[in-house]
Amino acid sequence: MGRKFIDCREFPSEMKCTVAISADSMDELVNAAVVHAVSVHGEHDTPAFRAEIRKAVHEMEAPRNVA
């Protein structure tokens with residue numbers, strides 16, 4: 001099971017945000033991405049928005065060495 005990530009570059013905006021967020025669990029990642037989207041992009045934390053965030057999540061390759 002690899003880490004999950006979401007990348008703001010996939011969502012065109014005037015500010016051209018380049019933030020990428022990763023986490024081991026879907027819930028942790030969605031929570032962090034929603035906090036970012038609300039505080040930086042002015043989005044609203046709704047169930048529909050969280051569902052859209054979940055659709056944009058990608059799996060990362062597992063690192064070769066983990067501490």
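One table, with the values for the structure above:
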| quantity | calculated |
| --- | --- |
| Residue identified as modelled with pLDDT of 95 or more and not charged (D, E, K, R) among A67, A23 | A23 |
| Tabulated pairs, segment 52-67, first farther than 26 Å from A37 by Cα, second modelled with pLDDT of 85 or more and exposed (fewer than 10 other Cβ atoms within 10 Å of the Cβ), C-beta under 6 angstrom, 6+ apart or interchain | none |
| Cβ-Cβ under 8 Å pairs, at least 6 apart or on other chains, segment 19-44 side β-branched (V, I, T), far side open to solvent by 70 Å² or more (accessible area, probe 1.4 Å) and assigned to a loop (DSSP other than H, G, I, E, B) | V34/E43; V34/D45; V38/H44; V38/D45; V40/M15 |
| Tally, over segment 28-61, of residues that are open to solvent by less than 90 Å² (accessible area, probe 1.4 Å) and of a type in the set (D, E) | 2 |
| Inter-residue pairs, beta-carbon under 7 Å, first farther than 15 Å from R54 by Cβ and in segment 1-18, second charged (D, E, K, R), 6+ apart | G2/E59; G2/E61; R3/D24; T18/R9 |
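The values are calculated or read from the model by the stated rules, or taken from the named source; none is laboratory data. What you see is a predicted model, and the numbers here were worked out from it, not measured in a lab. Using ideal geometry, Cβ is built from the backbone for each residue, glycine included, and neighbour counts are taken over all protein chains shown. For accessibility, only protein heavy atoms count, side chains too; no ligands or nucleic acids. Shrake-Rupley method; radii C 1.70, N 1.55, O 1.52, S 1.80 Å.
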